[in-house]
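The values are calculated or read from the model by the stated rules, or taken from the named source; none is laboratory data. Predicted, not measured: the structure shown is a model, and the values here were computed from it. Virtual Cβ from ideal backbone geometry, glycine too; neighbours counted across all protein chains shown. Note: accessible area is taken over every heavy atom of the protein model, side chains too, but ligands, DNA and RNA are not part of it. Shrake-Rupley method; radii C 1.70, N 1.55, O 1.52, S 1.80 Å.
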Amino acid sequence: MSLIKELTWRGMIHDSMPGVEEHLNEAMRAGYVGVDPTADSLHIGHLVSIMMLKHMQVAGHKPIALVGGATGMIGDPSGKSNERNLLDEETLRKNQEGIKNQLKRFLDFDSNEPNVAELVNNYDWMKSFSFLDFIRDVGKHITVNYMMAKDSVKKRLSSESADGMSFTEFTYQLVQGFDFLQLYRDKNCTIQMGGSDQWGNITTGTEMIRRIDQGKAFAVTCPLITKADGSKFGKTESGNVWLDPEKTSPYKFYQFWLNTSDEDAAKYIKIFTLLDQKTIETLIKEHQEEPHLRKLQKTLAEELTVMVHSKEDLDNAIIASEVLFKKGEEALAGLKAMNERLILDVFEGVPQAEVSKSEISNGLSIIEALVDKGGFLKSNGEARRELKQNAISVNKQKVGEEKELNTDDLISDKFILLQKGKKNYYLLNVVD
RNA sequence: GGGGAGAUACCAAAGCGGCCAACUGGGGCAGACUGUAAAUCUGCUGUCUUCGACUUCGUAGGUUCGAAUCCUGCUCUCCCCA
């Protein structure tokens, strides 16, 4: 199946220039997407771009990831808001390294195949480009009229925008356009891909290639990822979902995908996994018949966790999920199977408190543990109330007011897991 | 500057001498149901040594056997007229 057809059934094409398909069928082509090096890790908002590159490589074409060191310093006006922070070069290099390491999980950067992936940084060719040279060699060929016609610019010039747009931002499309020209010349790169908000910037590039080098290049954009409920994709209460396990634990990563709504899951599974059309269609059908099994979400979460992290991380995430969301014996068994590191990982961010081992071995009343020792609940009255309402669990087992903690309740010889209701966890850390 | 209204728990809003720890709605928390969803239903939502006691209704006093409720000073908010 051709690349364009592949991307089309996956719902990953928002717009494309006529003739791309033939162009791609003729020979091996090189295509690129830009990535902002604003952090030393990618987050799941970048995944669509990565998947587009991945599909390129799978289809036998050459993917190029362009780290926007230079463009990241300017800020894209088609984004919403304000001017962007300027990054210094040291941070830039560090971020670039982090990003490359993550891209390696998806793309082949090391083989001897002709379509091996490459990583470039536009800072490398922009940094020594003098202003004078730039306006003469690049600026000369693009009219301001052309630049002003872009939606991204128009929007910023209109009265809705309070801040106006700086000249720096205005030139953004020239810089991004020049990247394309540079890659066209240097690596015979003829395709640029990106989110649909990038269409204007990309076409400035194809325009430059046409006017300056009389070349032919193409733009392909994918729809911006949305969520059925209208909230922003890729964010949780605690912020971005990162690919870096230090920033977002594999468990949380797994959970993020598992919690996808039915509607979104069908869409996402096409975009974010490499499963073939038949498999996905079967899954969607099964899901419609038995939605409560949530096969789509499970498959989505599993595929992505393995792809971004590892099989082992997935297994741990599943164990952890069982502990947190199953009841009774099953959960207890899972809890016992968790090692110290996994426990700390899963319960990262839940309130913790320390108690001495002697207090536990002497027997500690549940009320005292919740209020005086743990400080998890405000008052004894509240603790009593919750206990009466059957809301308190110790190690996933519901307990009553008469419960006393003792050494039998220790997990990994170190923890006691207290819980109010389904979602509120408290970890008692037992120290000598 | 003159006149009027008001200040109640997380928010909104009842109560106007004892039956008020304070109606009701929202929010929050929990329980049931469920798909770690949505909806729905139920309970809880001042503190404590919890079948009882204690401290709360802007703030400080006063009247009274008894005050969120009546009186006085103070602080703040809103409205109307200049």
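Points to keep in mind about this one:
- The stretch A:177-201 versus the stretch A:254-292: alpha-carbon centroid distance in Å: 32 Å
- Calculated FRET efficiency, A:GLU354 to A:LYS235, Cβ-Cβ distance, R0 = 45 Å: about 0.85 to the nearest 0.05.
- Relative to one another, the C-alpha centroids of the stretch A:22-58 and the stretch A:206-234 are positioned 11 Å apart.
- Restricting attention to the stretch A:347-431, close to 75% of DSSP beta bridges with both partner residues there are antiparallel.
- Each Cα pair under 8 Å and six or more residues apart adds its separation to the average, and for the stretch A:306-415 the resulting relative contact order is 26 percent.
- Using a cutoff of 8 angstrom between alpha carbon atoms and counting only pairs six or more residues apart, the relative contact order for chain A works out to 14 percent.
- Residues of chain A were split at every exposed loop site, defined as GluC sites (Glu not before Pro) in a DSSP loop with at most 14 other C-beta atoms within 10 angstrom, and the longest piece left, sites excluded, is A:247-347.
- Which of A:ASN25, A:HIS61, A:THR71, positive extreme of dipole for the stretch A:21-71 (C-beta unit charges): A:HIS61
- Chain A: calculated mean residue ellipticity at 222 nm from DSSP helix runs of at least 4, using -39500 (n - 2.57): -13000 deg cm²/dmol
- The stretch A:3-222, relative contact order [Cα under 8 Å, separation at least 6], %: 27 percent
- Efficiency of FRET from Cβ geometry, A:LYS187 and A:GLU97, R₀ 25 Å, rounded to 0.05: 0.75
- Scanning residues 5 or more positions from A:TYR32 or on other chains, those with amide H under 5 Å from its amide H are A:ILE64, A:ILE191, A:GLN192, A:MET193, with H placed 1.01 Å from N in the peptide plane.
- Surface composition of chain A: carbon and sulfur atoms hold 48% of the protein heavy-atom accessible area at a 1.4 Å probe.
- Pairs beyond 28 Å (Cα-Cα), from A:LYS216/A:LYS267; A:LYS235/A:LYS311; A:LYS100/A:LYS232; A:LYS247/A:LYS398; A:LYS100/A:LYS235; A:LYS94/A:LYS235: A:LYS216/A:LYS267; A:LYS247/A:LYS398
- Three-way shape label, the stretch A:172-244, alpha-carbon gyration tensor, a/c 1.5: prolate
- Modelled this way, with points 7 Å down the Cα-to-C-beta line, the labels at A:LYS326 and A:MET28 are 4.8 nm from one another.
- Cα-projected label distance for A:GLU246 with A:ASP88, points at 7 Å along beta-carbon direction, nm: 1.9 nm
- Size of electric dipole in the stretch A:300-432: Cβ of Lys, Arg +1 and of Asp, Glu -1, about Cα centre, debye, nearest 20: 580 debye
- The DSSP beta bridges internal to chain A are antiparallel in roughly 45% of cases.
- Taking a ≥ b ≥ c as the square roots of the Cα gyration tensor eigenvalues, the stretch A:244-334 comes out oblate, since a/c reaches at least 1.5 and a/b does not exceed b/c.
- Only the Cβ atoms of Lys and Arg (+1) and of Asp and Glu (-1) were treated as charged; on that basis the dipole of the stretch A:235-325 about its Cα centre amounts to roughly 180 debye.
- In a fully extended conformation the segment linking A:SER166 and A:GLN288 would gain 38.9 nm over its present Cα-Cα distance, using 0.36 nm per residue.
- Gain in span if fully extended, A:LYS227 to A:SER111, counting 0.36 nm per residue against the direct Cα distance: 38.0 nm
- Taking a ≥ b ≥ c as the square roots of the eigenvalues of the Cα gyration tensor, an a/c ratio of 1.5 or more together with a/b larger than b/c marks the stretch A:1-78 as prolate.
- Estimated FRET transfer efficiency when R0 is 45 angstrom, pair A:ILE135-A:ARG341 (beta carbons, to 0.05): 0.20
- The residues of chain A have, on average, 48 Å² of accessible surface per residue, using a 1.4 Å probe with all protein chains present.
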